Amino acid sequence: MFDPTERPGRPGWQFLHTPGPTNIPRRIVSAMAAPQSDHRSPEFLAIAGHAYARLKELLGTKSPVVLMSAPGHGAWEAALVNPLAPGDRIIMSETGFFSQRWKEMAERLGLQVNYLPGDWRTGVDANRVEECLRADATGSIKAVCVVHNETSTGVRSDLPAVRAAMDAAGHPALLIADVISSFASSPYYHDAWRVDVCVGGSQKGLMLPPGLAFNALSDRALEAARTSGGCPRYFWDWNEHLGPEGSLGFISTPAIPLWYGLATALEMLFEEGPEQVFARHRRLARSVRAAVAAWNLELVSTIPDEHSDTVTAILLPEGNDPNAFRTLCREQYGVALAAAIGRWATNGFRIGHLGALSEAMILGSLGITELALGEAGVPHEAGGVGAALASLRTNQAREAPLRAVG
């Protein structure tokens, strides 16, 4: 059987540092390997019901959450086709590759997108959002869509600031947020931040394979879907996935192994404690950025307050091939770094640092990254690992270690 962690002819195993998929702990793998069960049995429904309740708790919501057997793109589409109708106007901000893809999806669905231009290095400008909403005297804009954590650039936008801008404009538009690469790794509080629809997926902070996606909703979003909204839909229809009074429901046979895995992943996250999980990700992210600064390489993200806790995008000096560098890391040393995508594809790479990761794993991978920079002839300064160690010492958060990380 193929095992991507094994390296034939070489000792050790591969270190995975893509920002999705992420490492799947053995405990979750074991849970997903359980025999299939009747998805209508009391036993499965008890497991799924408990996972549903814990997911809502981690999201910080008492509102319904729709779970679908789909990748994150499915939840993207469901977030648009339920509360919005063809011809509706929405605001999106250009923050990177995934905001661009979401815009393209919206346009194909017949929505009119006011796309606020960006430089792929900074997050959403809440002031520009407010200006657009204030200028909409007729209230024709139905939603503001935000990618919370832009996986392609390592930039995290300030969702509460966007919500405050919408409030300051006194505009009734819905706030729809993609939290796929921030959820379960960075703070996100659905009800407290008054997000109407969030988009999430299983393959990042939740430490699962792709294939389980979700929308957390608000009463306003549900009302819009019932009344003014609605593109043609069936599988993506929220009501088809919800039980009575917004309870857990299934439109079809669910992905049973993923539900077993979800229950175990949430158990592990709550054992560590959500705030401790967030603190661990902050600490590891700072150590990666400390190494990058010591190497004298350039971050894509330019505003410190917007640096992501889950992925760091890095630019190589002109004339260096990032794909050859990543191949060296992977084939020679067993460290899988992520390709840059979109605008930075020809001169960048990314280090994912989310999910089941520890200090030892980060330091080992940073050491190999520094070694490979030298072997690839990439101009850089030495001392990245030492800088990461210093950062970790400075930012001790005393988190409990995540069980079964390896």
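Bear in mind these aren't lab numbers, they're just calculated from the coordinates by the rules spelled out. Predicted model only: the values in this text are computed from it and were never measured. When we count neighbours, we look across all protein chains shown, and the Cβ atoms used for this are built from the backbone with ideal geometry, even at glycine.
Details
- Ranking of Y234, Y52 by neighbouring Cβ atoms within 10 Å, starting from the fewest: Y234, Y52.
- Neighbour-count order for Y333, Y189, fewest beta carbons within 10 angstrom listed first: Y189, Y333
- Taking Cα centre as origin and charging only the Cβ of basic (Lys, Arg, +1) and acidic (Asp, Glu, -1) residues, the dipole magnitude of the chain rounds to 440 debye.
- Entry for mean projected area of the Cα convex hull in nm² (calculated from the structure that is shown) out of [x] 19.8; [y] 18.4; [z] 23.5: [x]
- Bridgeable lysines around K62 (alpha carbons under 18 Å apart, same-chain partners fewer than 8 residues away excluded) are absent.
- Between the helical axis of 42-59 and the longest alpha-carbon principal axis of the chain there is an angle of about 80 degrees.
- For K103, the aspartates and glutamates whose Cα falls under 15 Å of its own Cα, not counting residues fewer than eight places away in the same chain, are E77, D88, E94, E150, D178.
- Cα centroid separation, the stretch 112-172 to the stretch 302-353 (Å): 27
- Report summary: the helix-based calculation at 222 nm, which adds -39500 (n - 2.57) for every DSSP H run with n ≥ 4 and divides by the residues of the chain, gives -12000 deg cm²/dmol.
- Prolate/oblate/rounded call for the stretch 1-97, Cα gyration tensor, a/c under 1.5 rounded: oblate
- Take the Cα of S140, step 7 Å toward its Cβ, do the same at A34, and the gap between the two points is 5.3 nm.
- Footprinting exposure proxy for I303, I180, I368, I351 (fewest neighbouring C-beta atoms within 10 Å first): I303, I368, I351, I180
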